[in-house]
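Chemist: Can you keep this structure in mind? I'll have questions shortly.
The values are calculated or read from the model by the stated rules, or taken from the named source; none is laboratory data. These numbers come from a predicted model, not from an experiment. Positions of Cβ are backbone-derived with ideal geometry, glycine not excepted, and every protein chain shown enters the neighbour counts.
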Amino acid sequence: MSHCVSTMPEFELISQFTEDAFAAEDRVCEHPVCRARIAKGDPCFYVGTVNPGKPGRYVCGPCHSHYLTMPATSVRPTGRSVPQPQLSHTFPDPRTIRQTVNAAQRKSTVNPPPVIAFGRGIRPPSMTHSTGPDITIPSSWGQPGRSSGSGYSVNHAQYGTERGQPSRSSGSGYLVNHVQYGTERERWSKLSYALPPMETITLDISAVHEVGARRKGHWVVIGNIQEGKKDVDARIDAPGLMDIAFDTILPKILTFGAGFPWRIEEFVVRDAVWVDLFTHKASVPYFISQCMVPSKKGSKAPTFKTKQFALMVVVLEAQWNEYEEWVEKAEEVSTVLQSASASTQNLTSSSAFESTKRSHRNNLSTATTSSSPPHKKLAVAPPKALFSSPDRSDLKEALWSGGSATNFDVAQVLGTYTENIHFYGIPTRPLADILSKNLNYRSFKVEPVQAIIGQLTVNSSMRSMLGAGGFKTAHPGWLSLTPLVKSGLGSVPGQNVAVKRPFHKVFPSASTLMYKIGRFSSIDEIAKLGKEANVLYWAHSLLQLTYAFINHCIASSEEPPPFNIPCVRFVDAGLAISYSQRDSKPMKAGSKTGSPCVGYLVEELIEGGPDIFVKFIHNMDSNPLLDQDDYGYEVALFFSFTQHVQYVKTGGLAFISDYQARYTTDSDILIGSTELLTDPQILTDPCINMSVGQGKDLFGEGNMECTVSMFEKQHKCNEFCEWPGFGLVPFATTTEDESTEETEAGEVGCREDGPIAS
């Protein structure tokens with residue numbers, strides 16, 4: 001396979017790309033890390049892939065130049081020659097100019113040679129730069145008053161001086177049409193040579209106000225005003241960051257304090273370490289130095305790594321005190337108005353007859369006038385919302401949608417039922433307690449004396465279903481325990497929860513792929529839920545062991561790690577068992593009053609639908625399931641690192657897999673934020689089942705034991721594993737062929753052991 005060289009006109013590109021093209025309409029560059037806008041008529045190139053079964057991408061000029069340098073590019077001979085730009089005898093063709101400029105960029109370095117205009121047939125005496133395309137100015141452009149022979153008119157007398165170059169008295173190819181040549185050349189050079197912002201950062205922008213010296217810290221968040229911005233150019237300077245912060249937060253501050261005369265010119269923008277961005281120089285990238293990290297390949301040149309940075313729009317303490325005083329006075333006015341309204345209502349209902357009512361009102365009015373002074377006008381007007389009428393269009397739409405009887409979901413009401421349950425919470429115990437002499441701590445146990453009585457309301461309608469996995473369905477529900485627990489699941493009445501039940505697929509016929517959801521018998525259902533609860537019980541313990549190791553290493557290290565540690569946890573959960581009650585309906589044969597009839601796995605609710613969840617690592621591999629360009633890849637690397645820690649700390653016996661969490665498009669599981677994990681899987685080494693387990697089903701069907709035995713060959717250490725403070729030793733590497741053969745053999749073993757659990 002040969003490399004693609006732009007100086008080979010007898011070849012055409014077949015992979016990675018094809019011929020030059022121009023965008024027929026506005027579009028976006030499809031390179032994952034670029035996403036720059038391609039205007040109509042700008043260069044647009046189609047990039048194919050090595051795999052003919054996958055679609056290609058349309059990319060911009062800079063990304064096309066980037067693909068040219070990739071070693072995977074292949075070419076094939078062709079009889080066509082590269083078309084040469086045609087000279088125009090009237091006006092130049094813009095498409096021809098763009099093609100020649102692109103050709104010059106491909107032939108030269110990142111800084112291409114300048115484009116120089118010459119008359120037809122005239123060559124420059126000498127050129128110290130690399131050769132590039134010559135742009136010929138047609139002689140038909142000549143205008144009266146042009147200097148004969150030279151083509152350089154009096155209008156160009158100050159061109160060189162304005163450009164910082166010595167003034168030229170004579171030249172070739174310059175006409176009266178070049179009056180605006182300097183300005184146009186600068187404008188088009190910026191458009192042609194400027195690279196899109198391929199290096200981007202994420203901003204977390206919030207509104208805060210200063211606090212006095214008596215309080216701890218510098219600031220307090222205003223009304224939970226916080227917004228995120230992604231795909232921001234990493235080379236943006238301080239004024240650009242201030243513009244983004246003000247454009248994002250100012251409308252929210254004005255809405256929050258509507259009616260107060262904010263002095264916006266006094267607002268300042270600070271970063272996470274309380275540095276005022278106004279004091280930073282313009283045209284100097286503000287965050288780029290913090291994104292440059294040492295290269296992993298041993299090169300001295302640092303590499304760029306995208307990060308998240310915090311910005312705060314700060315309201316000064318004096319102005320915030322004025323706002324609080326304004327709010328207090330507005331509340332006083334509201335109280336007065338409410339009292340006056342209540343008094344008026346009492347007066348109108350104080351008499352039964354109209355004549356008596358009039359007399360009573362007159363007496364009250366006279367007494368009030370003589371005994372109490374009139375209200376003083378307040379210096380600050382009350383909020384406008386107390387007096388303003390509702391918007392007519394909004395009210396019309398609300399009446400139309402709210403008054404329709406079709407909005408009443410009858411199916412949801414009929415599909416909701418309430419069960420009297422015994423609730424058994426899943427505790428979080430340190431691994432040292434699990435390994436103690438108390439054998440009851442070895443697994444999740446159901447002790448009737450520790451059960452909490454309560455009620456569980458379940459919405460079983462298909463329309464409201466939260467999702468369905470490989471063997472469990474999830475429905476919304478509400479949990480109320482008596483008495484309430486101190487914290488966690490069941491600490492508030494009517495708490496929103498996710499209610500999960502196992503199911504099996506029932507196919508009406510062998511020829512269809514559609515299936516119905518079938519439920520297990522009570523014994524089998526509760527047994528399966530008990531295994532799920534036990535997996536969560538051990539997952540809590542192993543993750544707690546991992547964070548204890550991380551905190552100890554960071555506290556013992558002289559320098560902090562060059563990355564943030566994601567703060568994650570598994571959802572609080574518990575097992576709920578419903579017991580049959582005696583009623584008027586005939587009971588099934590063999591059933592007894594008070595016997596268990598239904599089991600539920602109740603978990604802390606993660607807001608959102610099933611499409612916001614992402615699996616970072618599955619139980620058949622020890623490396624991230626996401627690609628490097630995917631959002632959340634940084635967290636997936638952290639989860640791979642936790643498996644490394646758990647594998648080492650347990651002596652290669654067990655670790656957590658099937659890490660699943662909420663996928664947010666705004667922060668994409670931000671580093672340092674708290675995220676909830678659900679549906680884990682505990683993987684164990686095969687030797688446990690052979691020597692200790694004696695053929696038992698350890699941790700359910702999702703326990704792919706071969707993944708543990710292949711961990712040292714499959715796991716690839718990342719930046720978390722390689723930080724010296726953790727002291728993790730990388731495993732012995734194998735050749736690519738050996739690794740492939742061993743991985744394939746391990747996968748065959750896994751397929752023979754059991755199915756993959758979702």
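Chemist: Of the numbered conditions (1) surrounded by 15 or more Cβ atoms within 10 Å (Cβ to Cβ); (2) assigned to a helix (DSSP H, G or I), THR255 satisfies every one except a single condition; which is it?
Modeler: With respect to (1) surrounded by 15 or more Cβ atoms within 10 Å (Cβ to Cβ); (2) assigned to a helix (DSSP H, G or I), THR255 is out only on (1).
Chemist: Another question about this same structure. Could you go through region 600-617 and let me know if any residue there is surrounded by fewer than 20 Cβ atoms within 10 Å (Cβ to Cβ), closer than 29 Å to ASP658 by Cα and modelled with pLDDT of 90 or more.
Modeler: Within region 600-617, one or more residues are surrounded by fewer than 20 Cβ atoms within 10 Å (Cβ to Cβ), closer than 29 Å to ASP658 by Cα and modelled with pLDDT of 90 or more.
Chemist: Name the residue that is farthest from ILE577 (Cα to Cα), counting only residues in region 412-429 that are among the β-branched types (Val, Ile, Thr) and outside any helix (DSSP H, G or I).
Modeler: THR428
Chemist: State whether the residues of region 495-507 include one that is among the small types (Gly, Ala, Ser) and touching a Lys or Arg at 6+ places or on another chain (Cβ under 9 Å). Give the derivation first.
Modeler: Pass one, region 495-507, residues among the small types (Gly, Ala, Ser): 498.
Then drop every residue that is not touching a Lys or Arg at 6+ places or on another chain (Cβ under 9 Å), which leaves none.
No: region 495-507 contains no residue that is among the small types (Gly, Ala, Ser) and touching a Lys or Arg at 6+ places or on another chain (Cβ under 9 Å).
Chemist: Tell me, which residue of region 568-589 that is at pLDDT below 80 and among the hydroxyl-bearing types (Ser, Thr, Tyr) is farthest from LEU456 (Cα to Cα)?
Modeler: Among those that are at pLDDT below 80 and among the hydroxyl-bearing types (Ser, Thr, Tyr), it is SER584.
Chemist: Go through (1) among the β-branched types (Val, Ile, Thr); (2) outside any helix (DSSP H, G or I); (3) at pLDDT 90 or above one by one and return the number of the condition THR512 breaks.
Modeler: (3)
Chemist: Those residues that are assigned to a strand (DSSP E or B) and touching a residue at least 12 places away in the same chain (Cβ under 8 Å), I need them from region 515-550; list them, please.
Modeler: Listed by number, the residues that qualify are ILE517, GLY518.
Chemist: Within region 295-308, identify whether any single residue is within 30 Å of HIS31 (Cα to Cα), without any contact (Cβ under 8 Å) to a residue 24 or more places away in the chain and part of a helix (DSSP H, G or I), and answer yes or no.
Modeler: Scanning region 295-308, I find no residue that is within 30 Å of HIS31 (Cα to Cα), without any contact (Cβ under 8 Å) to a residue 24 or more places away in the chain and part of a helix (DSSP H, G or I), so the answer is no.
Chemist: I'd like the full set of residues that are in a loop (DSSP other than H, G, I, E, B), touching a Leu at 6+ places or on another chain (Cβ under 8 Å) and of a type outside the set (Gly, Ala, Ser), limited to region 445-497.
Modeler: The answer is VAL446, LEU489, VAL492, PRO493.
Chemist: So, one more: Of the residues that make up region 316-335, is at least one of a type outside the set (Val, Ile, Thr), modelled with pLDDT of 90 or more and under 20 Å from GLU199 (Cβ atoms)?
Modeler: The answer is no; no qualifying residue exists.
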